[in-house]
1. Note the full-extension length gain between SER34 and LEU61 as 0.36 nm times their separation in residues minus their Cα-Cα distance, in nm to one decimal.
2. In whole Hz, with x marking every Gly and Pro, tabulate ³J(HN,Hα) for segment 29-44 from phi via Karplus 6.51 cos²θ - 1.76 cosθ + 1.60, θ = phi - 60°.
3. Let me check something: with ligands and nucleic acids excluded, how do LEU80, LEU43 order by accessible area (1.4 Å probe), largest to smallest?
4. Could you tell me the calculated FRET efficiency between ARG79 and ASP46, based on Cβ-Cβ distance and R0 = 22 angstrom, to the nearest 0.05?
5. Residue by residue, what Karplus-based ³J(HN,Hα) values in Hz, rounded to whole numbers, does segment 48-56 have, using 6.51, -1.76 and 1.60 with θ = phi - 60° and x for Gly and Pro?
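The values are calculated or read from the model by the stated rules, or taken from the named source; none is laboratory data. It should be emphasised that the depicted structure is a prediction, and the values quoted were computed from it without experimental measurement. Cβ placement follows ideal geometry from the backbone for every residue including glycine, while neighbour counts extend to all protein chains displayed. Note: areas computed on protein heavy atoms with side chains; ligands, DNA, RNA excluded. Shrake-Rupley method; radii C 1.70, N 1.55, O 1.52, S 1.80 Å.
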Amino acid sequence: MMANFIGRLDGNGEERTMIYRRLKEVAHSFGITSTTPEGPANLLEDAREMFALLFYRYKMLTTAAAAPIFAVEDALKLRLTTTSPSTRTSSGPSNKA
């Protein structure tokens, strides 16, 4: 991960100078697939942009790091709500008397 903050390494293993363009290139290597739902994909795209903007404002790191977590949470909610009730199992206590 540290290689992302130093602008990656060149072919000789030397540090490249970190610039906004390089951070943006690194951010676009973070995958968003065609099967990613629209809401989570938008959150991930925002995270990519915030990551690159860390060059100018490092304090955005916590927000940039939180956005992918929110995307995963949103994707899980979507997956769980689209699962039919008949395929879910109840792990709670039975209400039978």
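1. Values: separation 27, 0.36 × 27 = 9.72 nm, distance 2.64 nm.
Contour length minus the Cα-Cα distance gives 7.1 nm.
2. Per-residue couplings from phi come out as 7, 6, x, 10, 8, 5, 8, 5, x, 4, x, x, 5, 5, 5, 5 Hz.
3. Numbers: LEU80 105, LEU43 55 Å².
Sorted by accessible area, descending: LEU80, LEU43.
4. Working: r = 21 Å, r/R0 = 0.93.
The pair ARG79/ASP46 has a calculated efficiency of 0.60.
5. Values per residue, Gly and Pro as x: 4, 5, 5, 4, 5, 6, 4, 4, 8 Hz.
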